[in-house]
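What follows is a single structure, written as C-alpha cells, with notes after it.
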Amino acid sequence: MKPDLAKFENALQLGGIRTGTLDSPGAGGGCATRVAFFDTGAGLRFTVALDRGGDIVDASFNQFALAWLSPNGLLPPSPAYHTGIEWLRGWAGGLVTTCGPEYMGGPREEDGVRTSLHGRYSGQPARIETLRNPDPHFGRHEMELGLVIRDSRFFGPVFEIRRTIRCTLGVPEIHIEDAVTNRGDMRAAHHWLYHCNLGWPLLDQGARFVYRGKSEYWIVPPPPGQDIVQPLSAAAMNKLKRVPASLPEHAGMGERGLIVDTAAERDGWCRVGLINDKLKLGLEISYPKKALPRMANWQHYGPRGSYVSGLEPFSGSLLGSARDKHKLAKQFVEPGETRNYQLKLRVLASAGGFAALGKCDGPVHP
C-alpha cells in the first residue's frame, strides 16, 4: 500500500527500527539485553539481539511465528558457554544465529585447537554504527542498521565483523550483509554459517522443503560403533524434504539431517526455503553459492515442543576436516583479508511466490 503522506507525521506509524532492552526470562527478570525491533510495515516483524552479534531472534509474519525459540529465552552472553556443547545453554534459537568466525559445528580438535560448539560469534556484543529509519515524506523507504562486532583476544586471532541489516518499508524481506575481516597479524582459520531455525506454525507436518543438489546424510545418535555420517538412498533422502509429525526418536538429543551441495540458479544465487501450503505461507532463503557453497538441513522433531528444522548455508566445515573431504573443509583468512557474505530472507504469501520458489526445487542424491 502506498503511504498517504497527508495522513501521518511519524514514519514509525508505518514501520521502522526501535532500540531498547529486554529482561531475561525467569521469575525475577534478570539482566537485560539490548535489542533492535524491526517492523517492515508489511506484516514482517523481528527482533535483533544486539548483545548476541546482531542475530535475529523472534520473527513473525502477521499472526504467524516464523522462528523456533529455545526454552532458554534471550540471555546475556557468557564466556561459560564456549566450552564443549555449553553453547546450548545460552542459545535463544531464533530466525538467524550466526556461527563462526573461527570454527563452527561440533566440538573437536582442529590444528591443535580444541573447538566448542558453533564458535563464539553469537556471544559477542555489537556496537551500533549506523541506524537509519525510513521517511516517506522525503522519499526514503529503506531502514538500515549497521553494526560492528569483534571476536578477539590478545595475541590473536582478531576478527572484526561489519554487519548491515536492511529492510524496505512495505516489503516483507530481510537483507543481511556481513564483512568478516582478519584484523590480526597471523593467518586465522575461518568458517561461517547462518543457522536459520524454522518453527511452528510455519514448520508443521506436511510442509515441504525446497532445495536440490548432491547430499550426504547424518544422524545423531549414530548406530553403535559407527560414524554420524551414514549412507542413505536418494529416495530416502528426498523423503526428508517433507516435514513429519513429532518423532519419538528425536526426544533428547535425537536429530538428523542432510548436508547439501546446493545447486545455484543462473545468477549464481541459491534459493532454498520452506512452504506450508496449508497456511499459504512460506519463507525463501537466498545466498550466493560462491560465498556459501553448501547448506545443512538440520531436523529435530522432538515430541514435546522441541520441534525445529534449520536451513543453514555455510562455508567451511560442520563435521571437521578429519571427516569432511570437501575442498573447503579447511579454510583461512590472511591478515587484512575480508570475506563478504550475503543472506536474504523473504516471506512468501501467494501462489505466485510459491511457484517461483518451487522452480528452484529438485531432487537430492548421494
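The values are calculated or read from the model by the stated rules, or taken from the named source; none is laboratory data. Please read these numbers as outputs of a predicted model, since none were measured by experiment. All Cβ positions, glycine included, derive from the backbone under ideal geometry; neighbour counts span all protein chains shown. The area values use the complete protein model at the heavy-atom level, side chains included, leaving out ligands, DNA and RNA. Shrake-Rupley method; radii C 1.70, N 1.55, O 1.52, S 1.80 Å.
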Check your understanding: Of the residues that sit in segment 7-65 and are among the aliphatic types (A, V, I, L, M) and assigned to a loop (DSSP other than H, G, I, E, B), which one is farthest from the chain's Cα centre (by Cα)?
Key -> 27
Check your understanding: Pairs, please: C-beta under 7 Å, at least 6 apart or cross-chain, first residue on the phi > 0 side of the Ramachandran plot and part of a loop (DSSP other than H, G, I, E, B) and in segment 94-105, second of a type in the set (D, E, K, R) and modelled with pLDDT of 95 or more?
Key -> 94/55; 94/58
Practice item. Could you tell me whether any residue of segment 13-33 is open to solvent by 70 Å² or more (accessible area, probe 1.4 Å), touching a Leu at 6+ places or on another chain (Cβ under 6 Å) and under 19 Å from residue 90 (Cα atoms)? Key: no
Check your understanding: Counting only residues that are over 22 Å from the mean Cα position of the chain (by Cα) and either of a type in the set (Lys, Arg) or surrounded by 19 or more Cβ atoms within 10 Å (Cβ to Cβ) (or both), how many does segment 336-366 have?
Key -> 1
Review point. When only residues in segment 287-305 that are open to solvent by 10 Å² or more (accessible area, probe 1.4 Å) and in a strand (DSSP E or B) count, which is farthest from residue 199 (Cα to Cα)?
Key: 288
Review point. Can you find a residue in segment 68-80 that is farther than 20 Å from residue 120 by Cα and surrounded by fewer than 18 Cβ atoms within 10 Å (Cβ to Cβ)?
Key: yes
Practice item. Taking residue 92 as the residue in question, decide whether it is of a type outside the set (Asp, Glu) and within 29 Å of residue 14 (Cα to Cα). Key: yes
Review point. Hey, which of the strands (runs of 3 or more DSSP E) in segment 118-183, taking only ones fully inside, have at least 1 residues that are among the acidic types (Asp, Glu) and closer than 30 Å to residue 43 by Cβ?
Key: 126-132, 142-152, 173-182
